[in-house]
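Where a number appears in this text, it was derived from the coordinates with a stated rule and is not lab data. If you're wondering where the values come from, they're calculated on a predicted model, not measured in any experiment. Cβ placement follows ideal geometry from the backbone for every residue including glycine, while neighbour counts extend to all protein chains displayed.
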Amino acid sequence: MQPRKIILLGSTGSIGTQAIEVVDAAPHLFEVVALSAGGGNLELIAQQAVHTKAQAVGIAYGDAHELQRLIGAAASAVGLRNYDPAIITGPDASTKIAAIEADVVLNGITGSIGLAPTLAALKSGAILALANKESLIVGGALVKAAAAVDQIVPVDSEHSAIAQCLRAGTDNEVEKLILTASGGPFRGRNREQLRDVTPAEALAHPTWDMGLMVTTNSASLVNKGLEVIEAHLLFDVPLDRIDVVVHPQSVVHSMVEFVDGSIIAQASPPDMRLPIALGLGWPDRVPRAAKACDWTQATSWTFEPLDSVAFPAVELAKDAAKQGSTFPAVFNAANEEAVEAFHAGRIRFTDIVDTVESVLSEHSGSLELTVDSVLDAERWARTRTHDRLANSTL
């Protein structure tokens with residue numbers, strides 16, 4: 001059997017670098033044929049290109065000649081001769097890379113800029129291993145309309161867990177989906193106690209090592225709100241049948257409750273290589289992709305209800321999803337602008353979600369959901385958020 005041909009979008013990020021580790025551990029199963037990244041770390045993507053011998057490399061910004069030079073230097077350092085991959089540059093580089101013939105496209109890009117590459121991957125006919133939740137959230141019906149049955153495989157740990165649990169029953173036996181949340185660094189604090197937390201505290205996640213935006217979203221539980229929307233779209237389960245429960249140990253990654261009262265949970269030590277490997281190999285599992293739980297050691301798992309007063313982001317996300325149209329896009333864009341303002345020291349932590357709610361209340365939606373209407377709504381949301389916060393001071 002030939003290895004699956006893999007394309008990695010966002011290769012220099014956390015998902016991309018761990019995906020290369022998965023490929024390295026199973027070269028008989030996977031072969032990387034193309035890579036793309038933003039371009040902020042040309043040396044790393046050059047090293048990745050040489051390491052994987054990718055046929056094409058894309059960067060959104062940065063000097064193509066400098067990348068070519070770095071690739072040449074990296075190839076010489078390991079004695080690789082005559083390696084000359086195609087180099088694609090520009091804002092649509094990842095979209096072009098996603099259209100290359102492959103078996104699986106792993107979209108590990110952060111942010112709604114992943115929408116066009118997601119659509120390009122689906123159009124190509126490849127399996128889309130989706131770690132870029134924002135493209136599904138803002139694209140919604142567009143992405144679902146473009147996808148064939150079972151063409152999208154989730155890579156987020158929670159949605160990967162649900163996909164695994166759903167194998168235990170049929171669609172009409174599903175009662176509800178239960179997403180677990182670590183609770184972030186501020187679990188147990190009330191709203192008043194959250195007012196004065198610092199950016200450094202918000203970035204001190206107890207379980208996962210992620211970038212600034214995702215880590216902050218995890219602290220505010222905006223990330224969990226986005227995941228609720230994603231679960232709704234991926235699995236066609238109504239929003240009122242998707243719950244969130246706080247599970248600080250992050251070992252149970254999510255659960256499915258069936259109509260007879262049975263609850264099936266997927267558990268494993270926190271390690272993104274497991275859902276990444278499943279995304280690349282689906283529906284087959286990749287042997288030894290990650291370590292299992294150690295049952296020779298005593299352990300306890302705890303679960304707590306979500307405090308929606310201190311953390312209103314989940315309910316706000318559900319409201320945006322119920323309104324549909326471009327409301328989820330506005331939710332996402334307004335949040336990104338507010339998070340930047342928080343890290344710039346211009347607003348309080350609790351102002352992030354409050355600002356998103358205010359901007360959503362001013363939005364009227366779009367009559368037709370298209371890529372252009374999504375982008376227009378995002379631009380409006382960013383401008384409106386920026387204007388609201390322009391003169392904000394603590």
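Distances over 21 Å make up what percent of all Cα-Cα pairs in the stretch 329-394? Provide the component values of the computation, followed by the final result.
Values: 442 of 2145 pairs.
More than 21 Å apart: 21 percent of the Cα pairs in the stretch 329-394.
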Out of the GluC sites (Glu not before Pro) in the stretch 337-385, which ones are loop residues according to DSSP with at most 15 other C-beta atoms within 10 Å? E368
Test item: Cα-centred dipole of the chain, Lys/Arg +1 and Asp/Glu -1 on Cβ, debye: 680 debye
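Could you list T302, T110 in order of exposure, starting from the residue whose Cβ has the fewest other Cβ atoms within 10 Å?
The order, fewest Cβ neighbours first, is T302, T110.
Starting from the eigenvalues of the Cα gyration tensor, five times each then square-rooted, give me the equivalent ellipsoid semi-axes of the stretch 242-380, largest first, whole Å.
Numbers: eigenvalues 242, 81, 59 Å².
Semi-axes (√(5λ), whole Å): 35, 20, 17.
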Alpha-carbon Debye profile of the stretch 159-323, log10 I(q)/I(0) at 0.13, 0.14 Å⁻¹: -0.67, -0.78
When the charge dipole of the chain is computed with +1 on Lys and Arg Cβ and -1 on Asp and Glu Cβ about the Cα centre, the Cα farthest towards its positive end, among L239, I229, A200, belongs to A200
Unit charges at the beta carbon, dipole of the chain: most positive-side option, A56, L122, F258: A56
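Let's see if you can work this out: charge +1 on each Lys and Arg Cβ, -1 on each Asp and Glu Cβ, no other charges. What is the dipole magnitude of the stretch 14-149 about its Cα centre, in debye to the nearest 20? Kindly include the intermediate steps, with their values, before the conclusion.
Values: 7 positive and 11 negative charges, 48 e Å.
Rounded to the nearest 20 debye, it is 220 debye.
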State the answer as a single residue: which of S364, P328, F342 lies farthest towards the positive end of the charge dipole of the stretch 324-394, with beta carbon charges of +1 for Lys and Arg and -1 for Asp and Glu, about the Cα centre. F342
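With viscosity set to 1.306 mPa s at 10 °C, what whole-number translational diffusion coefficient in µm²/s follows for the stretch 4-154 from Stokes-Einstein and a Kirkwood radius over Cα pairs?
Values: Rh = 15.1 Å.
Result for D is 105 µm²/s.
May I ask for the Rg/Rh ratio of the chain, computed from Cα atoms with Rh as the Kirkwood radius, given to two decimals?
Values: Rg = 20.9 Å, Rh = 21.7 Å.
Answer for the chain: 0.96.
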